[in-house]
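Colleague: One structure, as C-alpha cells, below. Some questions next.
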Amino acid sequence: MRFSVLSSGSKANCTFVEAAGVRFLVDCGLSGKQAEARMAEVGVDPRTLSAILVTHEHADHIHGVATLSRRYGIPVYANVGTMERITKPRGREIFKTGSDFCVGKVDVTPFSIVHDAKDPVGFSIRAEGFKLVLVTDLGRVTTLVQEHTRGANAILLESNHDQEMLQSCSYSWDLKQRISSTHGHLCNEAAAQLLHEIMHPELFHIVLGHLSENSNTPGLALQATNRHLERCGDRATGLQTLLCGNVYESLPCLEIDGVSSRKAVVNL
C-alpha cells in the first residue's frame, strides 16, 4: 500500500492511494488539469484510476471530481448527501455511512465525522494487512473517530489552525467562530492529542493536513505534534515520516510496508 497527498488545505484537497492492485483518489478539489499534473508528479496515469472516493460536498473536495470522472470513465463513490452535489459523474456508487464497501480487493469503511456538511465522513482503508486512515474537516474528535484511527499504519489527519493565531488573524468574527466550533476544523492541539492517544509502534506515517494559510504554519503544527509524540516513548519507535501537506505541491508517495528506513522525515 502507498499513498500521496496531492493537495491539502483550504483551497483544494486530493489524495492518491494504491493498494492490492487498485488505484484511486480520495476527494479531488483540484481542477482536472491540476489533478492530472499532480498525479504526473508522482508517476500516476489518471487512466489507471478505478475510483474517486468523496468525503463531503464542499468545493475544496469535489471541484474536479466530475471532470475527472467523465474524462476517464472513473466511478465516484459517495453517500447520498454528498452525491447530490456532484454533477453528472460517469458512474455513481452510493455507500452508506458506517457500512463497509470494497474497491477491488481494498476494504473501505466510511465513518461519520462532525463538520458543517450534509453527511461528512472519514475513510479507513485496509488492504495487504495495512490500514490507512484519512480524516480531515472535523470540528472535534469523537469516540467514533478515536475508534477508527486506532491501529492505523498511516494517517492523514487535519491540523487546521493554531488557536492563538486564529484569534489574531484577519478572518471575520463569524468565520473564526465557524472554524473553532465543534462542526468546524480541528486545531493543532486537538490533532496532537489524538495522535498521542492512538500512537503505536506500527504507525509509520503521519501527514498533517488541511493547514490554514492564515491561521497556522507547518512549524506550529509540527511543534504541537512533536510535543505530544515525545511523551509516547516506545509507542513512537516505528514512526518513519511526519509531514505537512500543502496546496501547492504533491508529497512523495509514502510506502506502507513496515520495512522502510526508520529515519524519520520531518518538514520543519
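Colleague: Among the residues of the range 124-154, write down those that are among the basic types (Lys, Arg) and not in a strand (DSSP E or B).
Modeller: The answer is Arg140, Arg150.
Colleague: May I pose another question? Applying the selection to the range 90-141, what residues are over 20 Å from Val65 (Cβ atoms) and β-branched (Val, Ile, Thr)?
Modeller: Thr109, Val114, Val133, Val141
Colleague: Looking at the range 231-252 only, could you name the residues that are out of contact with any Asp or Glu (no Cβ under 9 Å at 6 or more places or on another chain) and part of a helix (DSSP H, G or I)?
Modeller: Of everything in the range 231-252, those that are out of contact with any Asp or Glu (no Cβ under 9 Å at 6 or more places or on another chain) and part of a helix (DSSP H, G or I) turn out to be Gly233, Asp234, Arg235.
Colleague: One residue is enough: does the range 161-169 have a residue meeting the conditions crowded, with 16+ Cβ neighbours inside 10 Å, within 30 Å of Asp107 (Cβ to Cβ), among the charged types (D, E, K, R) and under 20 Å from the mean Cα position of the chain (by Cα)?
Modeller: Checking the range 161-169: not a single residue is crowded, with 16+ Cβ neighbours inside 10 Å, within 30 Å of Asp107 (Cβ to Cβ), among the charged types (D, E, K, R) and under 20 Å from the mean Cα position of the chain (by Cα).
Colleague: Exactly one condition in (1) touching a Cys at 6+ places or on another chain (Cβ under 9 Å); (2) over 22 Å from Ala35 (Cβ atoms) is not met by Ala152; state its number.
Modeller: (1)
Colleague: With the range 14-118 as the region, which helices (runs of 4 or more DSSP H) entirely inside it contain at least 1 residues that are of a type in the set (S, T, N, Q)?
Modeller: Once the helices (runs of 4 or more DSSP H) in the range 14-118 are filtered for at least 1 residues that are of a type in the set (S, T, N, Q), what remains is 32-41, 65-72, 80-83.
Colleague: List pairs: first in the range 130-158 and closer than 23 Å to Gly258 by Cβ, second aromatic (Phe, Trp, Tyr) and in a loop (DSSP other than H, G, I, E, B), Cβ under 7 Å, 6+ apart or cross-chain?
Modeller: From residues that are closer than 23 Å to Gly258 by Cβ, the pairs are Asn153/Phe204; Ala154/Phe204.
Colleague: Considering only residues of the range 116-143 that are of a type outside the set (A, V, I, L, M, F, W, C), closer than 16 Å to Thr15 by Cα and out of contact with any helix residue (DSSP H, G or I) (no Cβ under 6 Å at 6 or more places or on another chain), which is surrounded by the fewest Cβ atoms within 10 Å (Cβ to Cβ)?
Modeller: Filtering the range 116-143 for residues that are of a type outside the set (A, V, I, L, M, F, W, C), closer than 16 Å to Thr15 by Cα and out of contact with any helix residue (DSSP H, G or I) (no Cβ under 6 Å at 6 or more places or on another chain), the one surrounded by the fewest Cβ atoms within 10 Å (Cβ to Cβ) comes out as Arg126.
Colleague: Could you tell me whether the range 188-208 includes any residue that is at positive phi, without any contact (Cβ under 8 Å) to a residue 60 or more places away in the chain and not in a loop (DSSP other than H, G, I, E, B)?
Modeller: No, the range 188-208 contains no residue that is at positive phi, without any contact (Cβ under 8 Å) to a residue 60 or more places away in the chain and not in a loop (DSSP other than H, G, I, E, B).
Colleague: Right, another one. Of the numbered conditions (1) more than 25 Å from Leu132 (Cβ to Cβ); (2) over 18 Å from the mean Cα position of the chain (by Cα), Pro201 fails exactly one; give the number of that condition.
Modeller: With (1) more than 25 Å from Leu132 (Cβ to Cβ); (2) over 18 Å from the mean Cα position of the chain (by Cα) applied to Pro201, the lone miss is (1).
Colleague: Could you tell me whether the range 184-191 includes any residue that is in contact with a Cys (Cβ under 9 Å, 6 or more places away or on another chain) and of a type outside the set (A, V, I, L, M, F, W, C)?
Modeller: No: the range 184-191 contains no residue that is in contact with a Cys (Cβ under 9 Å, 6 or more places away or on another chain) and of a type outside the set (A, V, I, L, M, F, W, C).
Colleague: Among the numbered criteria (1) modelled with pLDDT under 95; (2) over 18 Å from the mean Cα position of the chain (by Cα), which one does Asn267 miss?
Modeller: (2) is the only condition that Asn267 fails.
Colleague: Sticking with this one: Please state which one of Leu157, Leu166 is closer than 18 Å to Cys244 by Cβ and not in a helix (DSSP H, G or I).
Modeller: Result: Leu157 is the single residue among Leu157, Leu166 that is closer than 18 Å to Cys244 by Cβ and not in a helix (DSSP H, G or I).
Colleague: When the range 1-16 is examined, which residues are found to be of a type outside the set (A, V, I, L, M, F, W, C) and buried (at least 24 other Cβ atoms within 10 Å of the Cβ)?
Modeller: Answer for the range 1-16, where residues must be of a type outside the set (A, V, I, L, M, F, W, C) and buried (at least 24 other Cβ atoms within 10 Å of the Cβ): Ser7, Ser8, Asn13, Thr15.
Colleague: Here is a follow-up. What's the number of the only condition in (1) of a type outside the set (Phe, Trp, Tyr); (2) surrounded by fewer than 21 Cβ atoms within 10 Å (Cβ to Cβ); (3) closer than 30 Å to Asp116 by Cβ that Val42 fails to meet?
Modeller: Checking Val42 against (1) of a type outside the set (Phe, Trp, Tyr); (2) surrounded by fewer than 21 Cβ atoms within 10 Å (Cβ to Cβ); (3) closer than 30 Å to Asp116 by Cβ, the one that fails is (3).
Colleague: With the structure loaded, tell me whether Arg262 is charged (D, E, K, R) and either in contact with an Asp or Glu (Cβ under 7 Å, 6 or more places away or on another chain) or modelled with pLDDT of 95 or more (or both) or whether it fails that test.
Modeller: So Arg262 fails the test.
The values are calculated or read from the model by the stated rules, or taken from the named source; none is laboratory data. Since the structure is predicted, the reported quantities are computational estimates derived from the model, not experimental observations. Because the Cβ atoms are built from the backbone with ideal geometry, glycine has one as well, and the counts that use them run over all protein chains shown.
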